[in-house]
Amino acid sequence: MSSTRPSWDYILKFIIIGDASVGKSSLLVRLTEDRFLVDSDATIGIEFGSHIISLESGERLKLQVWDTAGSEQFRSITRSYYKGAAGCLLVYDVTSRDTFDHLPSWLHDVREQAEENATIALVGNMADRKADEHAVPKEEAERFAAENNLLFFETSAKTGENVVDVFTAAAIRPTNNHLPQP
């Protein structure tokens, strides 16, 4: 019986968290299927997908990505998925001030529940929207990210802007101790 080598070298668990309707499911679908989720129903519990990232070294990372429900009624259930996460996308909608204002609570949860050295990326989604629709200035989000040692990206699940980039950056961040160090 021959064993076949998997098509990846390392597996990393990622979670996507944030308020309802910030585009978490759309980011997952853009990453895993390279398409835009036009009419998205609210996530009930958890959705799952995976994506392979190839590094310049030739190594391949398989990201197992868990999209969590953002509504409060599911929060206690989704927290259990934080365990073992090597990476986290903390998502807000750039056109919704409330989703940004709720970030400290989400950040507290992930820091309390996920791996101690998990890489966390702050993601301002819906960046394709017109500038006058933006409720959160990019500079304010950058400041929040810097103060909390987070990566920062503005993304658009609709256009695909920075979606793969944010996952890749979080997966290979030098502080991510889930990968062998050079």
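Could we say that THR119 is out of contact with any helix residue (DSSP H, G or I) (no Cβ under 6 Å at 6 or more places or on another chain) and β-branched (Val, Ile, Thr) here?
Numbers: out of contact with any helix residue (DSSP H, G or I) (no Cβ under 6 Å at 6 or more places or on another chain): no; β-branched (Val, Ile, Thr): yes.
No.
Scan (1) surrounded by 18 or more Cβ atoms within 10 Å (Cβ to Cβ); (2) in contact with a Phe, Trp or Tyr (Cβ under 8 Å, 6 or more places away or on another chain); (3) at pLDDT below 95 for the single condition GLU115 breaks and write down its number.
Failing condition for GLU115: (2).
Out of all the residues in segment 91-112, which are touching a Lys or Arg at 6+ places or on another chain (Cβ under 8 Å), at pLDDT 95 or above and closer than 24 Å to LEU63 by Cα? Steps first, answer last, please.
Quick first cut of segment 91-112, residues touching a Lys or Arg at 6+ places or on another chain (Cβ under 8 Å) only: 91, 94-95, 109.
Right, trim to at pLDDT 95 or above and you get 91, 94-95.
Matches in segment 91-112: VAL91 only.
Taking only pairs six or more apart or across chains, which ones have beta-carbon atoms under 7 Å, a first residue in segment 17-30 that is under 13 Å from VAL164 (Cα atoms), and a second residue that is hydroxyl-bearing (Ser, Thr, Tyr) and assigned to a loop (DSSP other than H, G, I, E, B)?
That search, which allows pairs on different chains as well, returns SER26/SER40; LEU27/THR155.
Can you give me the number of residues within segment 105-125 that are over 14 Å from the mean Cα position of the chain (by Cα) and in contact (Cβ under 8 Å) with a residue 60 or more places away in the chain?
3
Could you grab me the full set of residues in segment 118-167 that are of a type in the set (D, E, K, R) and either touching a Lys or Arg at 6+ places or on another chain (Cβ under 6 Å) or surrounded by 20 or more Cβ atoms within 10 Å (Cβ to Cβ) (or both)?
ASP128, GLU154 - these are the residues of segment 118-167 that are of a type in the set (D, E, K, R) and either touching a Lys or Arg at 6+ places or on another chain (Cβ under 6 Å) or surrounded by 20 or more Cβ atoms within 10 Å (Cβ to Cβ) (or both).
If you go through segment 93-104 one residue at a time, do you hit one that is closer than 12 Å to ILE15 by Cβ, over 16 Å from the mean Cα position of the chain (by Cα) and surrounded by fewer than 19 Cβ atoms within 10 Å (Cβ to Cβ)? Show your work before the answer.
From segment 93-104, those closer than 12 Å to ILE15 by Cβ are none; that's our starting set.
Looking through segment 93-104, none of the residues is closer than 12 Å to ILE15 by Cβ, over 16 Å from the mean Cα position of the chain (by Cα) and surrounded by fewer than 19 Cβ atoms within 10 Å (Cβ to Cβ).
Restricting attention to segment 45-84, which residues are at pLDDT below 90, hydrophobic (A, V, I, L, M, F, W, C) and out of contact with any helix residue (DSSP H, G or I) (no Cβ under 7 Å at 6 or more places or on another chain)?
PHE48, PHE74, ILE77
Inside segment 93-182, counting only helices (runs of 4 or more DSSP H) that do not spill past its ends, which hold 2 or more residues that are of a type in the set (Lys, Arg)?
138-147
The values are calculated or read from the model by the stated rules, or taken from the named source; none is laboratory data. Bear in mind the structure is a predicted one, so any value in this text is a computation, not a measurement. Note: ideal-geometry Cβ built from the backbone for every residue, glycine included; neighbour counts use all protein chains shown.
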